[in-house]
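Student: Just passing along the structure, written as structure tokens.
The values are calculated or read from the model by the stated rules, or taken from the named source; none is laboratory data. Only a predicted model underlies this, so the values are computations on that prediction, with no experimental measurement involved. Here Cβ is always computed from backbone atoms with ideal geometry, including for glycine, and neighbour counts include all displayed protein chains. The accessibility values were calculated without ligands, DNA or RNA, using every heavy atom of the protein model including side chains. Shrake-Rupley method; radii C 1.70, N 1.55, O 1.52, S 1.80 Å.
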Amino acid sequence: SPKRVNAAIINYLKAAPDCGAVLLVTWSAYEHLSYFHRPENWIRIIDEVPQLDAFHPFRLPRNHQFLTENIEIRPSINQQIVEVGSKDHWALKRLLGKPHDEVDDHFRPLFQALLSQHKTVYVDADSWTRIAENHLVSEDDEEKNRIYFLAMLKPSLFQNSILLGANVEGSMLIDWLTRHHRKTFIPE
């Protein structure tokens, strides 16, 4: 259970001895960690370059309300991309905590990204406007009935961390963090 894993990690971090300790956790557990007790006391080593992004294309010519009820549009990044967030963080969290429904499960990865403090979610402005705002449905082109979302990792997840992996310097993650967030990396 992710909730028990999260709680166990947080409890261990709070109770860790002053003389030093090693805690091994999966990337998924680290990425979803809701609280990191005394991060300045830990050296975080990330083994293997994590996936920077997750693409979520949804074909929703009729049922886009499921998304529009839970998502708000935030400031525009440019003419093509707009940041999105949850309208009501706690309502969305309660929805994900209910017994699993296959419809909910289809949107679960996107909703989890919206709730994550370590991810930023963007939507393609044209697809959102066409379907969610103007309610335009194409009879001929199924791709015009899709809303495209992209979830990206935030740099905060990598603050004061050591990143291990083959060809780290050539990874999309390093390029993204260096170019768009002005993060610098030094060899360890």
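Student: What dipole magnitude, in Debye to the nearest 20, does the stretch 97-188 give about its Cα centre under +1 on Lys/Arg Cβ and -1 on Asp/Glu Cβ?
Tutor: Here the stretch 97-188 has a charge dipole of around 720 debye.
Student: May I pose another question? Which FRET efficiency value, to the nearest 0.05, is calculated for residue 55 and residue 184 with the Förster distance at 41 angstrom and r the Cβ-Cβ distance?
Tutor: The calculated FRET efficiency here is 0.90.
Student: Only Cα pairs within less than 10 Å get springs; with that Gaussian network setup on the chain, which residue of 153, 163, 114 has the largest fluctuation?
Tutor: Sorting by GNM fluctuation, first place goes to 163.
Student: For a label point 7 Å from the Cα of residue 89 along Cα→C-beta, name the residues of the stretch 1-40 whose backbone N is under 15 Å from it.
Tutor: 33-36
Student: Within the chain, how many lysine pairs that are 8 or more places apart, or on different chains, have C-alpha atoms less than 14 Å apart?
Tutor: So the count of such lysine pairs works out to 4.
Student: Then there's this: When only Cα pairs under 8 Å and 6 or more residues apart are kept, what is the percent relative contact order across the stretch 117-158?
Tutor: 58
Student: In degrees from 0 to 90, rounded to the nearest 10, what is the angle of the helix 172-181 Cα long axis to the longest principal axis of the chain?
Tutor: 80
Student: Between residue 168 and residue 80, what FRET efficiency comes out of the Förster formula 1/(1 + (r/R0)^6) with R0 = 35 Å and r the beta carbon distance, rounded to 0.05?
Tutor: That pair, residue 80 with residue 168, gives E of 0.75.
Student: Please name whichever of 123, 90, 138 sits farthest to the positive end of the charge dipole of the stretch 90-139, dipole taken about the Cα centre and charges placed at Cβ: Lys and Arg +1, Asp and Glu -1.
Tutor: 90
Student: Which is farthest toward the positive dipole end of the stretch 1-60 among 43, 10, 27, measuring Cα position about the Cα centre, with Cβ charges +1 (Lys, Arg) and -1 (Asp, Glu)?
Tutor: Farthest along the dipole direction, towards plus: 10.
Student: In whole percent, how big is the carbon plus sulfur part of the accessible area of the stretch 50-155, probe 1.4 Å, protein atoms only?
Tutor: 48
Student: Normalise the Cα radius of gyration of the chain by 2.2 N^0.38 Å (N = residues in it) and let me know the number.
Tutor: That ratio works out to 1.18.
Student: Between residue 40 and residue 139, what is the label-point separation in nm under the 7 Å Cα-to-beta-carbon projection?
Tutor: Label-label distance for residue 139 and residue 40, simple model: 6.6 nm.
Student: Using a Gaussian network model of the chain with C-alpha springs under 10 Å, which one of 99, 39, 57 is most mobile by mean-square fluctuation?
Tutor: Most flexible of the set in this elastic network: 99.
Student: Let me ask something else about it. With a 1.4 Å probe and every protein chain left in place, work out the accessible area per residue of the stretch 57-188 in Å², rounded to a whole number.
Tutor: Result: 62 Å² per residue.
Student: A further question follows. Report the full-extension gain for the segment residue 25 to residue 5: residue separation times 0.36 nm, less the Cα-Cα distance, to one decimal in nm.
Tutor: So the chain would gain 6.3 nm between residue 25 and residue 5.
Student: Now a separate question. Given bins 5 angstrom wide, list per bin the percent of all Cα-Cα distances in the stretch 16-70, short to long.
Tutor: All Cα pairs considered, the percentages come to 4, 12, 18, 15, 12, 10, 8, 9, 7, 4, 2, 1.
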